[in-house]
Structure formats: C-alpha cells, structure tokens
1. Output yes when any residue across the range 320-327 is surrounded by fewer than 24 Cβ atoms within 10 Å (Cβ to Cβ) and under 13 Å from ALA540 (Cβ atoms), and no when none is.
2. Of the conditions (1) out of contact with any Cys (no Cβ under 9 Å at 6 or more places or on another chain); (2) modelled with pLDDT of 90 or more, VAL510 fails just one. Which one is it?
3. Can we say MET298 is touching a Pro at 6+ places or on another chain (Cβ under 6 Å) and buried (at least 22 other Cβ atoms within 10 Å of the Cβ)?
4. How many residues are in a loop (DSSP other than H, G, I, E, B) and either of a type in the set (A, V, I, L, M) or within 21 Å of ASP49 (Cα to Cα) (or both) if we restrict to the range 61-73?
5. For the range 74-135, give me every one of the helices (runs of 4 or more DSSP H) that falls completely inside it and has 3 or more residues that are surrounded by 13 or more Cβ atoms within 10 Å (Cβ to Cβ) and touching a residue at least 12 places away in the same chain (Cβ under 8 Å).
6. Does VAL551 count as touching a residue at least 24 places away in the same chain (Cβ under 8 Å), among the aliphatic types (A, V, I, L, M) and buried (at least 20 other Cβ atoms within 10 Å of the Cβ)?
7. For the condition among the acidic types (Asp, Glu) and closer than 30 Å to HIS329 by Cα, what is the one hit in GLU217, GLU132, GLU181?
8. The conditions are (1) closer than 23 Å to PHE618 by Cα; (2) without any contact (Cβ under 8 Å) to a residue 60 or more places away in the chain; (3) assigned to a helix (DSSP H, G or I), and ASN588 fails exactly one of them. Which is it?
Amino acid sequence: MTDQAHDTEARQEDERLLVRWRDFIRPVPLIALAWVAFQVALFVWPEIDLMVRRSGHIAFATALALCIVARDASDGARIKGWCYWGLAGLALLPPLYLLSQLERIYYRIVELDPVLIGDFAVAILAIGLLLEAVRRRAGIGMFILAAFFIVYQLLGPYLPGVLGHRIAGFDTFVEIMLLTERGILGIPTAVSANIVFYFILFAAVFDVFGGGRLIIELAMRLTGRQIGGPAKASVVASAMTGSVSGSAVANVMSTGIFTIPLMRRVGYTPTFAAATEAVASTGGQILPPVMGAGAFVMAHFLQVPYRDVVFAALLPALAFFVSLLLVVHYRARLDNVATLKLEEVGDWRAMLRERWHLLIPLVWLAVIIVSGLGVAEAAVQATALTIILGTARRTTRQRPLQVVTALVRTGERALSVALPCAAASLIVSVISMTGLGTKFTGMVVTLSEGNLSIAMILAGLASLVLGAGMPTTSAYIMAATLVAPALVTLSVEPMVAHLFVFYMSIISMVTPPVALAAYAASTVADTSPSATGWRALYLAIPGLIIPFAFVLHPALVVWGSLPDVAWAVIQVVVACWAFTVMVSGWLNRPLGGLERGLFAAGGVASIIPVFVVSLAGFSLLVALAVATLITAAKYQGHGA
C-alpha cells in the first residue's frame, strides 16, 4: 500500500470514529455516562451521604429512562418528546434538594416536626416521575402494583375491618417516603446503588472484551460433541453467563442467538429449543458466585454476609442444572438428535490461546466473594482487571470508543434493576407502615392450619403470582416481605424460607401467563410465546421440586452435619432424576404415560422426610429402571 493510500485510509477511519464519537454527545449516552461516573465517585468516596447516594441513583435511573422515551418518540410526537426531555431534567432535582436540606433532615423528628412545602413538592415530583419511568421501562404490571400500594396507604384508614390501617395523613406518607431511609431510599434501592450496579458494569465491560463469547465457545467445546450437545451448551453457557449478568431476559438474548439456531439445526423442535434456553437462562440467577440482584437483597434482609447466601444456594443450584442437563440428554435420545461435527465445535486451543486471560477476572471475582470481602469491591476489581488484561493483549484489545459504549450500555442495563428496586422500596415501605405483611402472614398460617406442606404450596403459588410479569428482584422483594415470614412462623429457618421464595420468584420468569424469559426466547426462535412458556414451565418441573426439597431437608441450605447433608443430597438427587425421566419421557427406551406417572410418584416419595417412605420411593424407582433396561432391546431404533 502506498503512503498516500495509507494516509487516505487513516483519514477515513478518523472521520468514521469522529462521527461515532459525536453519537455520544446526546442526552441518553451523556446521562448514562454521568450515572456511571456518579457510581464510581460513590465507590471512591464512600463517605458521601447515604441519602445523596440513594436519591442520586434513583434520579439518574429516572432521568435516563425518560430520556430514552423522548429519544424513541416518533417524528409525529415531537411535543411529547420535548415534554419527556423536560421531565428528565426535573428528575435530577430531588438529590440536589436533599443535599441542601441534609442538616434539617437529620435533626428533625419523624411525625413531630412539620413537613415543608418543598418536601411535598419534591416528593410528588420524585415519586410521580419514578412511576412514569417504571411504567415506560419496567412494565405496566410493576406500575399498577406500585400505584395500588400508594392508594392503599392513603385510603387504608377509611377501609373497614382487617383491610384497614391507622397510618393516616399525606404528610406522613411524604416524610416516610422522602425524608427517611424507609421509603423509596430503602434497602432495595440501597442494594441496587451500592452493589448491583457494579456487577452490571463488570458484565458490560467483560462482554465488550469478548468474555461473553468466550463463555459460549467454552460451553460449546465442553458439550458440543455429546448427545444433545447444543442444548447442553445452552445450559452451561446460560448458567455461566446468567451467574455474571443476573438477568434472565438479557441472558436469553445474549446466549440464545447462538444456541437456539444450533439446537434447531441438530433436530430439536423450535419450541423445545426456545424453552430450554429460557429455563437455563432463568436458572443462571440462582448459580453462585454472583446470582441475581435479588440475592444481594436477601443478604441485606437476613443481615448475613453475602458469602452465606452463596454457600446456601450452591447445592440446590447444582441440582437444578444437573436436572436440566439430564432432561435435554434424555430428550435427545428420545428424538434421536444428531451430534455436531468437529468443525462446528471449533478449535478450543486457538480460542484459549487468544482469550484465556479473560478467565482470570471471573476466578478473581469468585475468590474475592467467597473470601468474604466486599462484593462491590470484588465487582470493581474484576472490572479493572478485565480492562487491564483485555487491553494488554492485542487479541482482545478494544478501542476507547468500545469501552465507552460498554459504559453507556451499563447505564441502560441498570435500568432493569434500579427502577424496579426503587418501586419495590416504595411497596415494602407501605407494607411495613401499614402492617400488611403481618396480616398476610397470619392469613397463610390460618389457611394452612399450621401444616407446613400446605403452607409451602400456598407460599409457592403466592410467589409465582407476585412474580408474574415482574423483574426477578422485585418479585423476590415482594415475596420476601409478604410470604417468607409465614414460613418462618412455621419454624422454617430464615435462610431456607427466603431461598424458597427466591427460587419460586425466579421460576415465575418461565411461568405463564406472563413468562418474560420464555417470551424473549420465543422471539429468537420465532415460536408461539404461549407454547414456549408452557413448554418451559414443563421443563422446569425438576427445578420446581428443589425448593420444596430443601425446606423438607434444610441441611442442603444451612449445611448441617455431614450425614444429614449426604442423606439430603441423595434424596434430592434421586427425586430430581425421577422427575427428569418423567419430563423427558425416556429411560433406555420411550416411556408410556403410566410409567412416567410412576416415576413422578417415586420422586415425590423420595424427598419425604420419613425414612420408610423414602426407601419405598427408592425401591420403586430401582424397579422401574431395571424394567426399562430389560425391555430396552425392543427399541434399538430409538438409540438405546
């Protein structure tokens, strides 16, 4: 290439970059970048006042959401767009007001000192704009729920009987919501601002340097050549990606675009492929070390180190993913699914040669969390390590523009947690103020008549209903506030009770009629959302057994004595295996409806905490397995 040609190409590249840099001189990326800068400042200077930290987090989230609405307004709705630009600017005012009033706020006495006109104005502004941002970005379901609880708090004193409460006055509502740490600045908002945001930052930076693609390629290499390889790769990749991102829908859209087409290519039906990806991506939120944002909230609710939540969730999470791997394996045998060719799997040596160093931040993150140090610090360190190591090698080096793009993406992704957490803080505050949680606990205990099995079913159904159409974190917060105390009342360990509702809230992502993860997968696979949702729920049945199992066998979660843990693991493993056989319809040969029903019955008996019943379940399952093995010769054509 001549010097002139080289100069021309370089000038054209500079012009292209200049055009792309100009794309960031717009409200949405500027606010997203400002939000990231604000969060970095909070980490660097932890002495910044708590109310400023949390209110600033909500303000940036609300402003960014409203800016996105304005940006996406059609050309025919310019007035509407300009209105939202203005509302976004107003959304940034509440933290400035609180900063100017800090001394008065900390010296005032709640429900005794007067609420000022400025307090009323800023509270109405902050809550009103938050609700609009929630409606636009978190969904109408979350908006209706938050609005309902606001109305309930204001009108509750006028309701008759058990539904009413005695917390009267709009001024009380305003001072609790805005001027204390119990309102919209409560625990869910604190977790989003102080912890979750930094993990979203790490996930975005890790992905831009090629970490996400590395995970998918590793999963494909580990399982791609096996029976049902693409489906197993989907399970493994979604587990690893979901553990980092903590978002089922984002997980589906990042890994599913690779794994779903591969599953279809080797012979899985489109609906099965989409459902498998949805369940695997949903399960990623229960896999340590990161899990979903709800796990951080759980640690705050229980007032325990996050490390305790990680250890409590480990064995159930492994059981969940082993069960799903068995389901797709048996289904591949039933449908005689083909395996991938060697060239389709890829060269793992070349892959690791180029990007092995990106595994170091993941290992570092896990080590820091398990060691018990601050989880936010772990995320920030892993982010910095990713940038340093990714930049050090040419194979993963990125232009500054790409890193800035990741920062903008961080702000946009953080909306899916920050807004629901702020709304959930509002809801939890109302529940606490009005005593609604105590009433709900009493209702569950009364309906179950003190029977733990009935209470578990009621609590599970309530968690699924509360989670319908809501982000996992919000669903868990609702269930933890309303449902978990009922189980604790019936002598269930608090960690076990919270992990139970956490699991059930997560499963709501694949539970029709509103199964967000399944619907996202259906868009990738071009399948019916309803059919995909029901198939995903069916595939998740072995996973649904696990939370009931660890309530009956708490040693799985609280790590009791070695014999107790070993016996609990055996029972849960056998039960999960029985339900994977039932769901897949295969064990050495295709199974009929009666046989599948017997496997399910054996699975249920296996987890009953009565030795004689468990032994009977084991015996039934062994007899069924031997019978299928003896008769398998008739079904050689099915791949036995």
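The values are calculated or read from the model by the stated rules, or taken from the named source; none is laboratory data. Source: prediction; values computed, not measured. Here the Cβ positions follow ideal geometry from the backbone for every residue, glycine too, while neighbour counts run over all protein chains shown.
1. Within the range 320-327, one or more residues are surrounded by fewer than 24 Cβ atoms within 10 Å (Cβ to Cβ) and under 13 Å from ALA540 (Cβ atoms).
2. (2)
3. Spelling it out, it is not the case that MET298 is touching a Pro at 6+ places or on another chain (Cβ under 6 Å) and buried (at least 22 other Cβ atoms within 10 Å of the Cβ).
4. 1
5. Hits in the range 74-135: 78-91, 93-100.
6. Details: touching a residue at least 24 places away in the same chain (Cβ under 8 Å): yes; among the aliphatic types (A, V, I, L, M): yes; buried (at least 20 other Cβ atoms within 10 Å of the Cβ): yes.
The answer is yes for VAL551.
7. Values: GLU132 fails: closer than 30 Å to HIS329 by Cα; GLU181 fails: closer than 30 Å to HIS329 by Cα.
Among GLU217, GLU132, GLU181, only GLU217 is among the acidic types (Asp, Glu) and closer than 30 Å to HIS329 by Cα.
8. In the conditions (1) closer than 23 Å to PHE618 by Cα; (2) without any contact (Cβ under 8 Å) to a residue 60 or more places away in the chain; (3) assigned to a helix (DSSP H, G or I), ASN588 misses (3) alone.
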